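Everything on this sheet refers to the single structure shown next.
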Amino acid sequence: MALITKRVYGAEDVLPKDSYKWQFLENLMREEAQSFGFKEIRTPVFEHTELFRRGVGDTTDVVQKEMYTFDTKGGTSITLRPEGTAGAARALLEHALYNDGLPVKTYYFVSCYRYEKKQANRYREFHQFGLEAYGTASPAADAEMICAAQSIFDRLYIGERLTLELNSIGCPDCRAKYYEALKKYFEGYKDKLCDTCLSRLERNPMRILDCKSPICSEIAKNAPVVLDYICDDCREHFEGVKRLLDSSGVKYKINPRIVRGLDYYTRTVFEFVTDELGAQGTVCGGGRYDGLIEELGGQHMPSLGFALGMERLLALLDASGSTIPDFDKCGLYIATMGDRAQEKAFELVKQVRSYSVRAETDIVGRSLRAQMKYADKIGAEYSMVLGDDEIERNKAEIKNMTTGKKSEISLDKDFGEDFIRVKIENEDNPGACFFTKGK
RNA sequence: GUGGGUAUAGCUUAGUUGGUUAAAGCGCCAGUUUGUGGCACUGGAGACCGUCGGUUCGAAUCCGACUAUCCACCCCA
């Protein structure tokens, strides 16, 4: 296929037939975030490269090999955001949002870019919804964050299909001790570990725990567990998080192997995972990043958040067989015969549209029969035929396309209002407006 | 970056051991006597069989390379 009609590798189009699904999810998430007191923040797709190097971490795969980085004509290095947190944190500092009172609670929808090999449910351009809270060290904030995510999944009836995996990786102090213990342990198996794990041994030994190689994971089974190395404060914090989750009825599974791939995480880390999406089972991931703001040059400001993958969530909803309501349904289609009718139809659809109801009339010049076929094809709830007779009488019949029932309606100034009234009175399938769960 | 699979209309596919104008279903467009959709019927548009090269009298079919795509490793949302 010619290059100009081929999308870039790893990028996806959202087609007209599917866009309502995104809109539905976005609306639901906005409502949910706002009900928890979060406000939207919108930041640029690109940032100075240095922001991600410092924020996400120089040793991470994301920074080392997955960033879309380029120089501007002026010579500054710019990077397309690989995640949403760094930009939000930057904006918090740049605009001193913390002066408006703490905590600062934000949510975002972002497109992210990572130069990776494409795979099922992993793309080079992907979309995240995220929540962030800055300026609170309390375990209550961790619990609230997790509750917010859970709440979104529950509203979509997929709470049961996802497992919340929870861990604490401690503060930098406990982590240093843990790293030592890990290194000591894995050094005993130096001759057996895979090559990547050998390099991890120096850089980031925790990542070995994640290794999928059978040999490494076998060795890792008996490796020291981070939870045995965290300090009293971190332990107490973790207990506090669990206590609040318990009392909120949020189920979780402690998984000491969850380590997260971004350097900024401290203490609480969590993932919502599923086994229904192939190899990319993490739908939502997050945790606490108490050191991030300082790392970016701000004051000490304990913070936390999560990011939720929109493509993966959509894929999971598809897999679960849920139906998302399509609010784009056509309320009224007016079939016309002749120029006078067309003029009148333009006037009438305008009135209906003023009630935010979709109304259409012929713009192709089709025969009456073909117009009716079209009305049927687009799923119009009502149709109306407009010709010289109707215009003479100033009255027409609107037909319910599902039941076939016809009602008379006058074509005067109140047409829009009258139509809405008839539509509501005859509403026989209100269920179509609601999200329905799958299997 | 490393593996493996797959490439035929918009979509899903058929195409027999290489043999004339590449087939079907769905979808799309039009029509089935002048003013009413779904069903049915008729017709139409739409494919240089991923690309380039090779073998052959002859290639969608065999071989090679390239490209695209899917899946997995890795990583993560």
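The values are calculated or read from the model by the stated rules, or taken from the named source; none is laboratory data. Predicted model, so just to flag it, every value in this text is computed and none were measured. Counting neighbours? That spans all protein chains shown, and the Cβs are built from the backbone with ideal geometry, glycine included.
So here's what we get for this one:
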quantity: Conditions (1) touching a residue at least 12 places away in the same chain (Cβ under 8 Å); (2) farther than 30 Å from A:C147 by Cα; number of the one not met by A:I4; calculated: (1)
quantity: Only listed residue being within 16 Å of RNA strand B (Cβ to nearest atom), modelled with pLDDT of 95 or more and either under 15 Å from A:R353 (Cα atoms) or assigned by TED's automatic domain parsing to the domain that holds A:T361 (or both), chosen from A:M384, A:M401; calculated: A:M384
quantity: Yes/no for A:R175 being within 16 Å of RNA strand B (Cβ to nearest atom) and within 18 Å of A:P256 (Cα to Cα); calculated: yes
quantity: Residue match in the range A:332-351 (condition: part of a loop (DSSP other than H, G, I, E, B), in contact (Cβ under 8 Å) with a residue 40 or more places away in the chain and more than 13 Å from RNA strand B (Cβ to nearest atom)); calculated: no
quantity: Within the range A:157-271, helices (runs of 4 or more DSSP H) holding 2 or more residues that are in contact (Cβ under 8 Å) with a residue 60 or more places away in the chain; calculated: A:172-187, A:232-248
quantity: Total residues in the range A:266-284, condition buried (at least 24 other Cβ atoms within 10 Å of the Cβ) and near RNA strand B (Cβ under 7 Å from one of its atoms); calculated: 2
quantity: Answer from A:L308, A:L317, A:L313 - the residue that is in contact (Cβ under 8 Å) with a residue 60 or more places away in the chain, in a helix (DSSP H, G or I), within 12 Å of RNA strand B (Cβ to nearest atom) and buried (at least 22 other Cβ atoms within 10 Å of the Cβ); calculated: A:L313
quantity: Matching residues in the range A:404-423 - criterion: being closer than 20 Å to A:R353 by Cβ and charged (D, E, K, R); calculated: A:D412, A:K413, A:D414, A:E417, A:D418, A:R421, A:K423
quantity: Residue in the range A:87-94 that is among the aliphatic types (A, V, I, L, M) and over 23 Å from the mean Cα position of the chain (by Cα) present; calculated: yes
quantity: Extreme residue, farthest from RNA strand B (Cβ to nearest atom), among residues of the range A:102-133 that are small (G, A, S) and at pLDDT 95 or above; calculated: A:A133
quantity: Lone unmet requirement of (1) closer than 27 Å to A:A141 by Cα; (2) modelled with pLDDT of 95 or more for A:T49; calculated: (1)
